[in-house]
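The values are calculated or read from the model by the stated rules, or taken from the named source; none is laboratory data. Since the structure is predicted, the reported quantities are computational estimates derived from the model, not experimental observations. Please note: Cβ atoms are built from the backbone with ideal geometry, for glycine as well, and neighbour counts cover all protein chains shown.
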């Protein structure tokens, strides 16, 4: 077991997604092997995977280039065919690039992502039961020092207003963490005596959070 600290962490986003490459096959393996003719990826490059597998789609992975036509999605274990049905994981992959630092991050918090249950009360039983039925939607929220003249902050406001999807990357604290979803940015600063003015930036995730 190791302990890590957040000091020095970088928070970045990207809206630059290359043209989609078709995935013609996705294996049930750990990690899964994706077949895509002349995919062009090299080891460590990041890509957005849109897949017929719900538990893999709308997520950012790192590539392990195997051949000119195959690559692995590192960290994606698809051996459980209950959740990753054989032959249904095809889709597209898109390289992610041109990461931009999110300015003046003061803190990070998250909500959701926890298991969701349905309460069942059989008539023949005195004790109810909870059956897991999935996971609640996840949101990552960053508190930023408010600088209305900052060019990146202005660009983030435009992304939020036009409802663009973004890739999120957090580098530091002993890991690299990825997410993908909608960015929303507050225009109204929070003001409190003795503290810097702050605004909130939230990423509403569409897929899984993937960590390396």
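Would you pick out the residues in the stretch 126-143 that are over 20 Å from residue 59 (Cβ atoms) and either modelled with pLDDT of 95 or more or in contact with a strand residue (DSSP E or B) (Cβ under 8 Å, 6 or more places away or on another chain) (or both)? Outline the logic, then answer.
Of the residues in the stretch 126-143, the ones over 20 Å from residue 59 (Cβ atoms) are 126-133, 143.
Across the stretch 126-143, the qualifying residues are 128, 129, 130, 131, 132, 133, 143.
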### Test: residue in the stretch 35-58 that is in contact with a helix residue (DSSP H, G or I) (Cβ under 7 Å, 6 or more places away or on another chain), touching a residue at least 60 places away in the same chain (Cβ under 8 Å) and not in a strand (DSSP E or B)
no
### Message
Checking the structure you have, find out if any residue of the stretch 14-23 is closer than 18 Å to residue 170 by Cα, part of a loop (DSSP other than H, G, I, E, B) and in contact with a helix residue (DSSP H, G or I) (Cβ under 9 Å, 6 or more places away or on another chain).
### Response
yes
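Regarding residue 73, is this residue surrounded by 13 or more Cβ atoms within 10 Å (Cβ to Cβ), free of Cβ contacts under 8 Å to residues at least 40 places away in the same chain and within 26 Å of residue 140 (Cβ to Cβ)?
Values: surrounded by 13 or more Cβ atoms within 10 Å (Cβ to Cβ): yes; free of Cβ contacts under 8 Å to residues at least 40 places away in the same chain: no; within 26 Å of residue 140 (Cβ to Cβ): yes.
In short, no.
Test residue 64 against the stated conditions and say whether it is closer than 18 Å to residue 177 by Cβ and not assigned by TED's automatic domain parsing to the domain that holds residue 202.
Details: closer than 18 Å to residue 177 by Cβ: no; not assigned by TED's automatic domain parsing to the domain that holds residue 202: yes.
For residue 64, the condition - closer than 18 Å to residue 177 by Cβ and not assigned by TED's automatic domain parsing to the domain that holds residue 202 - is not met.
State yes or no: is residue 207 at pLDDT below 95, in a loop (DSSP other than H, G, I, E, B) and surrounded by 13 or more Cβ atoms within 10 Å (Cβ to Cβ)?
Numbers: at pLDDT below 95: no; in a loop (DSSP other than H, G, I, E, B): yes; surrounded by 13 or more Cβ atoms within 10 Å (Cβ to Cβ): yes.
In short, no.
For the stretch 86-122, which positions are outside any strand (DSSP E or B) and surrounded by 13 or more Cβ atoms within 10 Å (Cβ to Cβ)? Working first, answer last.
Kept after step one, since they are outside any strand (DSSP E or B), are these residues of the stretch 86-122: 86-90, 98-99, 102-104, 112-114, 121-122.
Passing the criteria: 88, 89, 90, 99, 102, 103, 104, 112, 113.
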### Query
Given the residues 188, 177, 166, 196, which is the only one that is surrounded by 15 or more Cβ atoms within 10 Å (Cβ to Cβ) and in a loop (DSSP other than H, G, I, E, B)?
196
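Could you say whether any residue in the stretch 158-167 is closer than 21 Å to residue 53 by Cβ and modelled with pLDDT of 95 or more?
As a first pass, look at the stretch 158-167 and keep what is closer than 21 Å to residue 53 by Cβ: 165, 167.
This time we only want the ones that are modelled with pLDDT of 95 or more, so: 165, 167.
Checked against the condition, which is being closer than 21 Å to residue 53 by Cβ and modelled with pLDDT of 95 or more, the stretch 158-167 yields at least one hit.
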#### Entry: Residues of the stretch 34-69 classified as farther than 22 Å from residue 168 by Cα and surrounded by 18 or more Cβ atoms within 10 Å (Cβ to Cβ), total
3
